[in-house]
């Protein structure tokens, strides 16, 4: 067990080592308990208008059942959290990071109070405390889960969500995850989740997985961990997340969001001083905090934010930030690991070819 975002969570389970669990997820199916994450819904006739004023993406463009990764930003354009929002006919379903749960909820509720008091509309938010959240990930996730729902998963593409029934109770399913594999996240009543998880574990190829494989899987997929690869000082452009920003929102004052003015300025000028990159590191693996230098080792140009020996690829991979202009794929650099300079190369991400599902 290990502390994580104020929770005590398993690094791995006794039947599989972290390496074995990682490989198992890539080849078969694993269940991750992610109930520590914040779940909430946005309700009321003006819910879209309200939530659109909080995030950088244009929620109005989401179809019913569609979801999207988006960002809460501060007035300096820094990332306060990354989250997934799914649009339904009468609500928005939102999941954000556990480590940011308190500040996220304070941000949402304080902005809501201003929104409603200003006469801008009628909106409510509700924290979902009655449900747990599990992620079922891997190439066999769909075939396993299909046995428990009448929802046709073969027609459900990556980043879509729906409400369905399992054994007579309501479950929210999104086809999403944090591993780079096909998979689903299920919001299930907490008094039902243990029994349902045990039913899933009756399948020979389904195993529980903890934080250690979850971390190595997400690094291979080039996915950020808040507080490490992104934080309140990082802008979307620097983080390689400018694709989350609704460009139309930057040009329309009616669609302004927190931080939009500075984000527009940064994106228009391609500003910022650094860029997030992927690296392949020779020798020992580079961990968070390791310094990145120019190829000749003379000039420090950045730092590693996440790194791991890749179980899938058999090489050491890492993410980090380097000075703008030094971020081109193919650039040779040095990384200081235990006071020894090691060769590294900047490469495109993801390191591992992701398997996000789209119906044929």
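Condition check for residue 341 on (1) farther than 28 Å from residue 78 by Cβ; (2) within 21 Å of the chain's Cα centre (by Cα); (3) not in a loop (DSSP other than H, G, I, E, B): one failure, at (2).
Here residue 26 meets each of (1) buried (at least 18 other Cβ atoms within 10 Å of the Cβ); (2) closer than 27 Å to residue 6 by Cα with one exception, condition (2). Of the residues screened, residue 89 is not one that is part of a helix (DSSP H, G or I), out of contact with any strand residue (DSSP E or B) (no Cβ under 8 Å at 6 or more places or on another chain) and farther than 20 Å from residue 199 by Cβ.
With respect to the conditions (1) crowded, with 20+ Cβ neighbours inside 10 Å; (2) under 16 Å from the mean Cα position of the chain (by Cα); (3) assigned to a strand (DSSP E or B), residue 68 lacks only one, and its number is (1).
In this structure, residue 237 does satisfy being under 30 Å from residue 311 (Cα atoms), in a helix (DSSP H, G or I) and not assigned by the TED database to the domain that holds residue 96. The single condition among (1) touching a residue at least 60 places away in the same chain (Cβ under 8 Å); (2) part of a strand (DSSP E or B) that residue 170 does not satisfy is (1). Of all residues in the stretch 11-52, those being in a loop (DSSP other than H, G, I, E, B) and under 23 Å from residue 174 (Cβ atoms) number 6.
Based on what the data block shows, is residue 75 out of contact with any strand residue (DSSP E or B) (no Cβ under 7 Å at 6 or more places or on another chain) and assigned by the TED database to the domain that holds residue 8?
Taking the combined requirement at face value, the residue satisfies it.
In this structure, residue 98 does satisfy being closer than 26 Å to residue 210 by Cβ, out of contact with any strand residue (DSSP E or B) (no Cβ under 6 Å at 6 or more places or on another chain) and surrounded by 13 or more Cβ atoms within 10 Å (Cβ to Cβ). Within the stretch 128-151, the residues that satisfy the criterion of being in a loop (DSSP other than H, G, I, E, B), within 14 Å of residue 175 (Cβ to Cβ) and in contact (Cβ under 8 Å) with a residue 40 or more places away in the chain are 138, 139.
When the stretch 150-202 is filtered for residues that are on the phi > 0 side of the Ramachandran plot and exposed (fewer than 14 other Cβ atoms within 10 Å of the Cβ), the ones remaining, listed by number, are 167, 168.
Restricting attention to the stretch 243-274, the residues that are assigned to a loop (DSSP other than H, G, I, E, B), free of Cβ contacts under 8 Å to residues at least 24 places away in the same chain and within 17 Å of residue 69 (Cα to Cα) add up to 0.
The values are calculated or read from the model by the stated rules, or taken from the named source; none is laboratory data. None of these values were measured; they are calculated from a predicted model. Because the Cβ atoms are built from the backbone with ideal geometry, glycine has one as well, and the counts that use them run over all protein chains shown.
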